[in-house]
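Since every read-out is calculated from the coordinates, none of them should be taken as a lab result. For clarity, every value in this text was computed on a predicted model and none was experimentally measured. Cβ placement follows ideal geometry from the backbone for every residue including glycine, while neighbour counts extend to all protein chains displayed.
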Amino acid sequence: MITLDDIRAAQKRLDGVVVKTGLVPWSDSAEGEQWYLKPEGLQPIGAFKLRGGYNKIATLSDEERSRGVIALSSGNHAQGVAYAARSLGIRAVIVMPARAPEIKRLKTEAMGAEVVLLSEGGEEEWRAHAEALAAEQGLVMVAPFNDETVIAGNGTCGLEILAAVPDVDMVLVPIGGGGLISGVGAALKMSRPEIKIIGVEPDLANDAQLSLRQGKLVALPIEQTKQTAADGMRATQLGDITYRYIREYVDDIITVNEHEIRAAVRTLALDSRLVAEPSGAVPVAALLNRRDELPAAKKIVAVISGGNIDPQLLADILQGA
């Protein structure tokens, strides 16, 4: 398990690379409470993934860097790896499902990464293809979430929350593969164990909730998870490492439905002038619709993990479609 020193070391590596995103007060918080939004969509790649991806690549040896890196991603991790690799002068290859949002693919390519699109199969087949390419070309795999160096980089988000609101009571974090909540949970719980860490998932992709409550890793069929608009949360199960962190540091996981997610995207855009992709809006959907399922708290932070939403989807949501 990582330590606070590991997260602080990551913070030094990321200084000048990531944006220390501030907290935006929510003007319509519940009575007696203060709600804050942490907009990770303001990062250079539009999502938190730069934190873990850069930290991982920055710790590679010169020999590993000379070989280049490879990642499997539907979008945000791809951009994080592409951006970090370009910054450090390293070749990057990204294996991406063909169904990934076009905006994420185009941005990944614009940062100089070589994108390999796969239209057939599911996660296991895509992962096998990425591993075969890595072996064939000598590339170093950069995992999207199931890696402790990546988790340490993501933990810097938690340190920033604590610096901005030292007396925070509860933090809501979206869960895809679990890398963000693992890092944020570790940073906050090792600093102040009494802080409540709550994960939020779509109803259609609640593998982390089931895993936490059943005490074992639970996988969902991709036919189910791919139905959620929250494309960054379609992972069918947690990694063994992120599952361990979630069991250690997460107090509970709740879910929200597709209508609530879309409504949260619209509310954020119109009321807070923040563009959030559906995955990023999930914690806000929980605050607005499931407050009675959450622990008592006065100061609450919702982490908006990213803002890379397809323009047409955003237009449809704003028009109420």
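Listing for the model above:
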| read-out | value |
| --- | --- |
| Restricting the stretch 74-148 to trypsin sites (Lys or Arg not before Pro) in coil, as DSSP defines it, with at most 13 other Cβ within 10 Å | Arg99 |
| Residues listed by number, the stretch 17-58, amide nitrogen under 16 Å from Arg273 label point at 7 Å toward C-beta | 22-28, 37, 39, 42 |
| Cα-Cα P(r), the stretch 50-141, percent of pairs per 10 Å interval | 19, 52, 27, 2 |
| Fewest-first ranking of Arg262, Arg234, Arg273, Arg8, using other Cβ atoms within 10 Å as the exposure measure | Arg273, Arg8, Arg262, Arg234 |
| Distance-filtered residues of the stretch 155-186 - backbone nitrogen under 17 Å, label point 7 angstrom along Glu248 Cα→Cβ | 155-159, 178-186 |
| Trypsin sites (Lys or Arg not before Pro) restricted to DSSP loop in the stretch 166-216 with at most 14 other C-beta within 10 Å | Lys216 |
| Whole-number percent relative contact order across the chain, with pairs defined as alpha carbons under 8 Å at least 6 apart | 21 percent |
| Nearest-20 debye value, the chain charge dipole, Cβ charges on Lys, Arg, Asp, Glu | 640 debye |
| GNM top mover of Pro25, Pro97, Pro283 - the chain, alpha-carbon springs below 10 Å | Pro25 |
| Environment charge at Leu188 (Cβ cut-off 13 Å; Lys +1, Arg +1, Asp -1, Glu -1) | -1 |
| Among Asp169, Asp28, Asp231: highest mean-square fluctuation, GNM of the chain, C-alpha pairs under 10 Å | Asp28 |
| Using a Förster distance of 51 Å, the FRET efficiency for Glu31-Ala135 (Cβ separation, nearest 0.05) | 0.30 |
| Calculated FRET efficiency for the pair Asp15/Arg192, C-beta based, R₀ 35 Å, to 0.05 | 0.90 |
| Entries of Lys38/Lys226; Lys226/Lys298; Lys20/Lys196; Lys107/Lys299; Lys107/Lys216; Lys49/Lys196 with Cα pairs more than 32 Å apart | Lys226/Lys298; Lys107/Lys299; Lys107/Lys216 |
